[in-house]
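To keep things clear, I will list the structure first and then write my remarks on it.
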Amino acid sequence: MIDALISGRLRGVPAMKQSVNGKPYATFRMAAADKDGESRLLSCIAFNRAAVDALQRLDDGDALAVAGEAKLTAWAAADGSPRCGLDVTVHQVLTAYAVSRKRKAADAPPAETTGDE
């Protein structure tokens, strides 16, 4: 297992599903740039309720950052060439919407006290 924090862009709309015991989860793909600036496609799955809720609000191309466990994968393509990828089990999702909400809350004036202290 590799702990990972990855930022990128959503590719396609997340697929919302339910497990056999009725719990929601989401699968999605995201593109992230490697150290050479090339875009790499990651396969992701999220079981955490807060992460699934955040993903429901996103659309293709939206920016996001995910934190979770990553696993390297390898396979042979149809033409026989070796391929590699990264599968991520997502524990948290951070979006621009969540950041702007937190900034607004931090910039809001403090609530007035009632003087009952």
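Computed from the coordinates by the stated procedures, all read-outs in this text should not be read as laboratory data. Because the structure is predicted, anything quoted here is derived from the model rather than measured. Using ideal geometry, Cβ is built from the backbone for each residue, glycine included, and neighbour counts are taken over all protein chains shown.
Excluding residue 33 itself, what net charge comes from residues whose Cβ is under 10 Å from its Cβ, given Lys and Arg +1 and Asp and Glu -1?
0
What dipole magnitude, in Debye to the nearest 20, does the chain give about its Cα centre under +1 on Lys/Arg Cβ and -1 on Asp/Glu Cβ?
380 debye
Please list the non-local residues whose amide H lies under 5 Å from the amide H of residue 11, H modeled 1.01 Å from N, same-chain partners needing a gap of 5 or more.
For residue 11, whose amide H was placed from the backbone, the distant partners under 5 Å are 29, 30, 31, 61.
Less than 14 Å Cβ to Cβ from residue 69, Lys/Arg counted +1 and Asp/Glu -1: what total charge do the surrounding residues give?
Net local charge, residue 69 excluded: -1.
At 222 nm, what helix-only mean residue ellipticity would the chain give, in deg cm²/dmol to the nearest 500, using -39500 (n - 2.57) for each DSSP H run of four or more? Could the numbers behind the result be given before it?
Details: 2 runs with 20 residues, N = 117.
It lands at -5000 deg cm²/dmol.
Please work out the FRET efficiency for the pair residue 49 and residue 15, using the Cβ-Cβ distance as r and a Förster radius of 22 Å; give the result to the nearest 0.05.
Efficiency for this residue pair is about 0.85.
Can you sort 13, 52 from fewest to most other Cβ atoms within 10 Å of each residue's own Cβ?
13, 52
How large is Rg/Rh for the chain, to two decimals, with Cα atoms and a Kirkwood Rh?
In the chain, Rg relative to Rh is 1.14.
How far is helix 96-107 tilted off the main Cα axis of the chain, in degrees rounded to 10, range 0 to 90?
Computed tilt is about 20 degrees.
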